[in-house]
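The structure under discussion appears below in the form of structure tokens.
The values are calculated or read from the model by the stated rules, or taken from the named source; none is laboratory data. Just so we're clear, the structure is a prediction, and the values are computed from it rather than from any experiment. Cβ: placed from backbone, ideal geometry, glycine included. Neighbour counts: every protein chain shown.
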Amino acid sequence: MSRKPKKTLNDQEMTLTEHLEELRKRLIVCAVAVGVAFCVTYYFSKDLFRLLMAPLLEVMPPEQGLIFTGLPEAFFTYLKVALVAAVFASAPVILYETWRFVAPGLYSREKKYIFPFVFLSTLFFVGGALFGYYVVFPFGFAFFVGFATDFIRPMPSVKEYFSFATRMLFAFGVVFELPVFTMFLSRIGLINHKMLIRQRKYAFLAVFVISAILTPPDVMSQLMMAGPLLILYEISIVVARIFGKKIVEDDQEDESPEQENDKEKTS
């Protein structure tokens, strides 16, 4: 299936400048959404950070918490917490604007997936972050804190913990999008379950490479990321088998998105 350049409302092929202008508009909308959400999340930043620390504090020794070694460290950490929360809260808008940017290059029948795509993408992104928070964090933090002895006490800093926790949350949120994107790509015919099965051994290798990139440089974190990714890949094969595009001998299959859209306008 060939893909032609996007078109403007006047059915003229978009130039590189017009593509960049369209991208700029979408980015502005996303930035405004994050900014509005930030004004709300900053008010709750202390409570949000306390919630983020909960899995670690549960496995730490009694009456021991996090420390900060620089005077502005706590202040900037609260700002970052509010910003991360704002991004999560704005996820539906960000995903919707992403779809709007790529939609002009799609067939009309493919554009109808916008709301399922936005809903499922948001659901899986938040679900992946929650999986990391409720499943991976308690197990992983208990493993790391377990190395403490009478002579070695865990004293994580606010900055280090925030960096580690948010990186893991975003990583799990992103990798949990795999079944959603597989469903979308299989519906428009770009991939199918047979292709995923043939590429399984290369995908497994890529899983460990991605896990090494997205997680901190320790084997435990990489394994906690790679395990769910392998399972998600197998789920994606099933998703592609169920939702994959059926091969139909129809002249419309050879039409470009623009030709199909033009036909709908004239009918």
Subject >> Filter result for the condition that a residue is surrounded by fewer than 21 Cβ atoms within 10 Å (Cβ to Cβ), part of a helix (DSSP H, G or I), modelled with pLDDT under 85 and at negative phi, over F170, F181, F164 >> reply: F181
Subject >> Tabulated pairs, the stretch 16-43, first on the phi < 0 side of the Ramachandran plot and among the basic types (K, R), second at pLDDT below 95 and surrounded by 13 or more Cβ atoms within 10 Å (Cβ to Cβ), C-beta under 6 angstrom, 6+ apart or interchain >> reply: R26/E97; R26/F101
**OP:** Report yes if V93 is among the β-branched types (V, I, T), in a helix (DSSP H, G or I) and under 22 Å from S163 (Cα atoms), otherwise no.
**Re:** no
**OP:** Would you please list the contacts, defined by Cβ atoms under 9 Å and residues six or more apart or on different chains, that run from a residue in the stretch 101-128 that is under 29 Å from A171 (Cβ atoms) to a residue that is among the hydroxyl-bearing types (S, T, Y) and modelled with pLDDT under 80?
**Re:** L106/Y113
Original post:
Does R153 meet the test of being closer than 21 Å to A89 by Cα and modelled with pLDDT of 80 or more?
Top reply: no
Subject >> Any chance F208 is touching a Ser or Thr at 6+ places or on another chain (Cβ under 9 Å), at pLDDT 85 or above and assigned to a helix (DSSP H, G or I) >> reply: no
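For the stretch 71-81, indicate whether the set of residues that are on the phi > 0 side of the Ramachandran plot, of a type outside the set (V, I, T) and not in a helix (DSSP H, G or I) is non-empty.
no
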Subject >> Filtered residues of the stretch 24-57 (kept if surrounded by 17 or more Cβ atoms within 10 Å (Cβ to Cβ) and aliphatic (A, V, I, L, M)) >> reply: A33, V34, A37, L48, L52, M53, L56
**OP:** Would you check which residues across the stretch 145-161 are hydroxyl-bearing (S, T, Y), surrounded by 15 or more Cβ atoms within 10 Å (Cβ to Cβ) and farther than 18 Å from E58 by Cβ and list them?
**Re:** S157
**OP:** For residues that are modelled with pLDDT of 65 or more, in a helix (DSSP H, G or I) and surrounded by 13 or more Cβ atoms within 10 Å (Cβ to Cβ), tally how many sit in the stretch 236-267.
**Re:** 7
